[in-house]
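Asker: There's a structure below that I have some questions on.
Since every read-out is calculated from the coordinates, none of them should be taken as a lab result. Note that this is a predicted model, so its numbers are computed, not measured. Ideal geometry is used to build each Cβ from the backbone, glycine not excepted, and the neighbour counts take in all protein chains shown.
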Amino acid sequence: AFLDRIAQVDDAIGAYLHVGADAALAAAQRADAAIAAGEATSPLTGVPIALKDVFTTVDAPTTCGSKILEGWVPPYDATVTAKLRAAGLPILGKTNMDEFAMGSSTENSAYQVTRNPWDTERIPGGSGGGSAAALASHSAPLAIGTDTGGSIRQPAAVTATVGVKPTYGTVSRYGLVACASSLDQGGPCGRTVLDTALLHEVIAGHDPRDSTSIDAPVGDLAGAARLGAAGDLTGVRVGVVTELGGDGYQPGVLASFEAAVSTLTDRGAEVVEVSCPHFTYALGAYYLILPSEVSSNLARFDAMRYGLRVGDDGAHSADEVMALTREAGFGPEVKRRIMIGTYALSAGYYDAYYGQAQKVRTLIARDFATAFASVDVLVSPVTPTTAFKLGEKVDDPLAMYLFDLCTLPVNLAGVAAMSVPSGLSEGLPVGLQIMAPALADDRLYRVGAAYE
Ligand code: GLN
C-alpha cells in the first residue's frame, strides 16, 4: 500500500531519492512469515519505514544528497539500518536531504526539490525534509532522520509530524555518514508520539562500533507515551525558556506556543519561566563548531575512495584530481562550510574562534543543567516562523541559519528534545519543542503524549 502511495504522490512531493520496492516487498513477506510463526521481534515488525539517505545500506545507494557520492553503494549497513532490518521493518527507500545534512530547507540537495505536502510551494524543512514529507504525504508511516542542529525537529514542526532528537550517544553513529560528529544524532520520526517511541526503542542501544556510544538504558519510552496519553501531568514541572520567543517570531507561532503552554497547565503541569542566558549565543557557537568538524570530516571525500572522480585522465596529478572532484562534487553550502571551518581551525585563529565557541558550548550546557535542577522539561517553539516559500532564503545563508535558532542549544549540550504538532498558523503547521536532560528521553514521550 505504501509503495502504491509513493507511486501516486511522490512525483509531486519528491520525498524519496531511491525507492527499493523489491527489497521492501521481500522484507514485508519475511515479516509476515515471522508474525505468522509467532517470531516477530518487535511491535513494529512488518511496519514499513523511510530512511534518510545519510545511513549506509548495502542494498541501496547512499548519496547524502551529494553529487560526490552519486551511485555509491556502501559495503556495510549502518547500525541503525541493521537494527531496523533485525526488527523486521521493511525499508521503503532513501529520503532526500540537504547535502551532507547542511541546510534547513532540503533545497541544498544536489538531486531534487522536496515539497511540503501542506503547501507544495513551501519547504518541508531540512535537512531531513524528505523523511518529514514522506510522513506528511502518507507515503511512509515511520521514518528515520538525523539531528545535528535541528534536522529532525524542524522538518517535523513544519509538516505536523513528530520528531525526536535522542540524547547524544544513545543511537549509534556507526554507518551514519558524518556531518559534525560531536553533534550528529540519528532519531525517530512518526505521525504520533507512541509510534515514535516504539521506533526509538528499536534504534537505540549501546554500540561498541561507535566510540561515543553510551552504555546506559534508554528507559521505557513506549510506557512513558502510554502514561502520558492519559493526559495527566500532575507533578510535572515545565520551564518556559525566556530567551526563545518574542521579537522576530511570527505572531501565529507565538500564539500557538502560548496555547500549548496553557494546555500543559490544564493537564496539571506546573509551569514556570526559566532563563537560559547563553542560548542567545548558540547560533554563533554552532556555526563555528559545525563547520570546523565538517572541514575535517569531509576531507575523506578525496576522489580516491568513494563515488565521483574527475580529471583522472593521466594528465592530472592526484592533488589536481582531488581538487577537480571536490570542485565538481560539492555544492555551494558545503564548500562555504569547509572554508569557514578551515579558517576557524587554522593556527592563529583557533583560540579566537573554535576555542571561544567551545567555551560558549560549555556555558549552554550549564544553562541546561541549572534549568533542569528546578524543572523536569523545558519548552519553546521549534522554529521562529512556519514553513517559508521555496527559494525564499536560498541566496541568504544567514537568514537560513536563523531558522535554527530554537533547536541548536539542544545539540550543543547533547540533551534530548522532541517536536510535537501544535496546531496551525494561517493554515501551516507549528511545532512545540519539549527538551529533557540527557538520558531522560522518556520525559519527552510522557509530556508529548499528554499534549498531543
Ligand atoms: N540547519 C542546520 C544546519 O544547517 C541543522 C542541520 C542538521 O541538523 N543536520 O547545520
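Asker: What is the P(r) of region 207-365, as percent of Cα-Cα pairs per 10 Å bin from 0?
Answerer: Result, from short to long distances: 9, 19, 23, 24, 16, 7, 2, 0 percent.
Asker: Taking every pair of alpha-carbon atoms in region 135-266, give the share separated by more than 23 Å as a whole percent.
Answerer: Working: 3830 of 8646 pairs.
Cα-Cα pairs of region 135-266 separated by over 23 Å account for 44 percent.
Asker: Out of all DSSP beta bridges in region 1-130, what portion is antiparallel? Express it as a percent rounded to 5.
Answerer: Bridges in region 1-130 are about 50 percent antiparallel.
Asker: Among Cys64, Cys179, what is the fewest-to-most ranking by other Cβ atoms within 10 Å? Don't jump to the answer; show the numbers that get you there.
Answerer: Values: Cys64 30, Cys179 26.
Exposure proxy ranking, most exposed first: Cys179, Cys64.
Asker: Please report the relative contact order for region 13-141, taking Cα pairs under 8 Å with a sequence separation of at least 6, and give it as a percent rounded to a whole number.
Answerer: Relative CO of region 13-141 lands at 30 percent.
Asker: Modelled label-to-label distance, Met339 and Asp22, 7 Å Cα→beta-carbon offset: nm?
Answerer: That separation, rounded to one decimal, is 4.4 nm.
Asker: Quote to one decimal, in nm, the extra length available between His206 and Ser296 on full extension: 0.36 nm per residue of separation minus the C-alpha distance between them.
Answerer: Here the segment from His206 to Ser296 would lengthen by 29.8 nm.
Asker: Taking region 208-249 on its own, what percent of its Cα-Cα pair distances exceed 11 Å?
Answerer: Within region 208-249, distances greater than 11 Å cover 79 percent of Cα pairs.
Asker: May I pose another question? Within the chain, what percent of beta bridges assigned by DSSP are antiparallel, to the nearest 5?
Answerer: Numbers: 29 of 43 bridges.
The antiparallel fraction comes to roughly 65 percent.
Asker: Then there is this: Just the C-alpha atoms of region 1-96: what Rg/Rh do they give, with Rh taken as the Kirkwood radius?
Answerer: 0.99
Asker: Per q in 0.15, 0.21 1/Å, what log10 I(q)/I(0) does a Debye calculation on the alpha-carbon atoms of region 194-263 return?
Answerer: Scattering profile of region 194-263, log10 relative to I(0): -0.81, -0.97.
Asker: Further question on the same structure: Suppose the chain between Ser346 and Arg237 were pulled fully straight at 0.36 nm per residue; how much longer would it get relative to their current alpha carbon spacing?
Answerer: Difference between extended and current length: 34.8 nm.
Asker: In the structure displayed, which of Lys52/Lys335; Lys83/Lys393; Lys52/Lys359; Lys359/Lys389 lie more than 27 Å apart, Cα to Cα?
Answerer: Correct reply: Lys83/Lys393; Lys52/Lys359; Lys359/Lys389.
Asker: Right, here's the next one. For the pair Ala318 and Thr41, how long in nm is the line joining their label points, each one 7 Å along Cα→Cβ?
Answerer: Those two pseudo-labels are separated by 4.1 nm.
Asker: Suppose R0 equals 30 Å. What FRET efficiency, 1/(1 + (r/R0)^6) with r the Cβ-Cβ distance, do Glu327 and Tyr76 give to the nearest 0.05?
Answerer: The calculated FRET efficiency here is 0.55.
Asker: While we're on this one: What's log10 of I(q)/I(0) for the chain at q = 0.09, 0.12 Å⁻¹, Debye sum over Cα points only, no solvent?
Answerer: Treating every Cα as an identical point scatterer, log10 I(q)/I(0) equals -0.53, -0.96.
Asker: Would you work out the Kirkwood radius for region 315-388? I mean one over the mean of 1/r across all pairs of different Cα atoms, in Å. Numbers along the way, then the final one.
Answerer: Values: mean 1/r = 0.0600 Å⁻¹.
It is 16.7 Å.
Asker: Is region 106-197 best put as rounded, prolate or oblate by its Cα gyration tensor, with a ≥ b ≥ c the root eigenvalues, rounded for a/c under 1.5, and otherwise prolate when a/b is larger than b/c, oblate when not?
Answerer: Details: a/c = 2.12, a/b = 1.30, b/c = 1.63.
Oblate.
Asker: Counting alpha carbon pairs within less than 8 Å and at least 6 residues apart, what relative contact order, in whole percent, applies to the chain?
Answerer: Once divided by the residue count of the chain, the mean separation gives 19 percent.
Asker: Cα extents of region 33-147 along the three principal axes, largest first, in whole Å?
Answerer: 46, 34, 20
Asker: What nm distance separates the two modelled labels at Ala255 and Ala216, each placed 7 Å from Cα along Cα→Cβ?
Answerer: Taking the simple label geometry, Ala255 and Ala216 are separated by 4.1 nm.
Asker: Return the equivalent ellipsoid semi-axes of region 296-452 as a descending list in whole Å, where each equals the square root of 5 times an eigenvalue of the C-alpha gyration tensor. Intermediate results must be reported in sequence, preceding the final value.
Answerer: Details: eigenvalues 298, 96, 47 Å².
After diagonalising the Cα gyration tensor, the semi-axes are 39, 22, 15 Å.
Asker: Starting from the Kirkwood Rh over alpha-carbon pairs, what translational D in µm² s⁻¹ does region 365-441 have by Stokes-Einstein at 37 °C and 0.692 mPa s? Walk me through the intermediate numbers first.
Answerer: On the way: Rh = 13.8 Å.
So the translational diffusion coefficient is about 237 µm²/s.
Asker: Region 275-353: Rg/Rh from Cα coordinates, Kirkwood Rh?
Answerer: That ratio is 1.14, to two decimals.
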